[in-house]
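The values are calculated or read from the model by the stated rules, or taken from the named source; none is laboratory data. If you're wondering where the values come from, they're calculated on a predicted model, not measured in any experiment. So basically every Cβ, Gly included, is an ideal-geometry build from the backbone, and we count neighbours across all protein chains shown.
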Ligand code: UDP
Ligand code: MG
């Protein structure tokens, strides 16, 4: 008998909690029981301001044996919520899925079948996105391509955090305690036998996205800086090419000085060169600062999240 854990991050999802449990129960939990296995639901309430925690506790009343609720002391973000869920989950398989029913629970059964074929990580690849805005689709598309191009890891495209992991990969992933987390990249990084199933991504069941543009941008930036030295290399490249250009301009200036009589008119070119070099230098310092900032945050070595309360299963 295998135990299957489901890790579900929740941030202000009061409209979705009931329907989520209903769908989970019908499409996934019953089938899991029917095949003689067991399940565990690990809800991570990422500092919701609405009634989500209350509603989760009501679910816990109904299904005391199999529900764990971890409540954060504030909003630490989606990636931290997943981390806390993985830290707590006990299953032989652990699957992360969103609370808004964009990740259909029934797909998890297909993932479990892959796991039984001895795959360690099973991604869910979005073959189609329904009802997501044009901007979201375009920006996601752009993001996945650039990321694929700039990192050495072949981070799968069109894959979110909807994924099943075996016990040993979860244990491996738990050893990665970096602060700026991009869990998809990290899951790829640890290796093991990985595969995917594909699915149609539906729209949210209710409520609005909890990933406004700013959070999306932060995740994208964490992905680049966490997995790529490209920004640092770009700084080097800019510095180098401006040095070459400056050298050529210097030759030209010397030529003007010694072989013509127009020497005094150099003001325009001087100002251009000064401005250009100033810009390049500031840019490069900025890029360095980004990475130094990350080192600073990492060496502070704070815990990744703070738990306010745990509602544990009653056996
Ligand atoms: N989420 C979270 N903390 C946050 C933002 C989101 O735990 O700070 C959860 C959210 O409740 C949902 C999942 O992460 O279960 C994905 O968020 P959302 O559906 O808003 O993202 P989208 O599908 O729009 O990319
Ligand atoms: Mg969503």
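Looking only at residues in region 101-124 that are closer than 22 Å to residue 157 by Cβ and within 16 Å of ligand 2 (Cβ to nearest atom), which one is surrounded by the most Cβ atoms within 10 Å (Cβ to Cβ)?
124
Specify the residue that is nearest to ligand 2 (Cβ to nearest atom); the eligible residues are those in region 131-151 that are outside any helix (DSSP H, G or I) and within 30 Å of residue 225 (Cα to Cα).
Of all residues in region 131-151, those outside any helix (DSSP H, G or I) come to 131-133, 151.
Imposing the further condition that a residue be within 30 Å of residue 225 (Cα to Cα) reduces the set to 132-133, 151.
Values: 132: 9, 133: 12, 151: 24 Å.
Looking at the filtered set, the residue picked out is 132.
With the condition kept exactly as written, say whether any residue in region 193-210 is surrounded by 17 or more Cβ atoms within 10 Å (Cβ to Cβ) and closer than 26 Å to residue 299 by Cβ.
no
Would you confirm, using the coordinates I've provided, whether residue 169 is more than 16 Å from ligand 2 (Cβ to nearest atom) and surrounded by 17 or more Cβ atoms within 10 Å (Cβ to Cβ)? Step through it out loud before you land on a result.
Values: more than 16 Å from ligand 2 (Cβ to nearest atom): yes; surrounded by 17 or more Cβ atoms within 10 Å (Cβ to Cβ): yes.
Yes; evaluated as a whole, the condition is true for this residue.
Note down all Cβ pairs under 8 Å where the first residue falls in region 102-120 and is farther than 28 Å from residue 208 by Cα and modelled with pLDDT of 95 or more, the second is away from ligand 2 (no atom under 16 Å from the Cβ) and in a helix (DSSP H, G or I), and they're at least six residues apart or on different chains.
If the second residue must be away from ligand 2 (no atom under 16 Å from the Cβ) and in a helix (DSSP H, G or I), the pairs left are 112/32; 120/168; 120/169.
Give me a count of the residues in region 184-198 that are modelled with pLDDT under 85 and touching a strand residue (DSSP E or B) at 6+ places or on another chain (Cβ under 7 Å).
Looking only at region 184-198, we keep the residues that are modelled with pLDDT under 85, and these are 184-185.
In the following step, the residues that additionally are touching a strand residue (DSSP E or B) at 6+ places or on another chain (Cβ under 7 Å) were identified as 184.
Summing the residues that are modelled with pLDDT under 85 and touching a strand residue (DSSP E or B) at 6+ places or on another chain (Cβ under 7 Å) in region 184-198 gives 1.
Since residue 48 meets every condition but one in (1) within 16 Å of ligand 2 (Cβ to nearest atom); (2) modelled with pLDDT of 95 or more; (3) assigned to a helix (DSSP H, G or I), which condition does it not meet?
(3)
Checking the condition touching a residue at least 12 places away in the same chain (Cβ under 8 Å) and assigned to a strand (DSSP E or B), which residue from 28, 20, 6, 24 passes? First the steps, then the outcome.
Values: 28 fails: assigned to a strand (DSSP E or B); 20 fails: assigned to a strand (DSSP E or B); 24 fails: assigned to a strand (DSSP E or B).
Criteria check complete, one pass: 6.
State yes or no: is residue 274 surrounded by 15 or more Cβ atoms within 10 Å (Cβ to Cβ) and not assigned by TED's automatic domain parsing to the domain that holds residue 103? Quick ask: steps written out before the conclusion?
Working: surrounded by 15 or more Cβ atoms within 10 Å (Cβ to Cβ): no; not assigned by TED's automatic domain parsing to the domain that holds residue 103: yes.
Answer is no for this residue.
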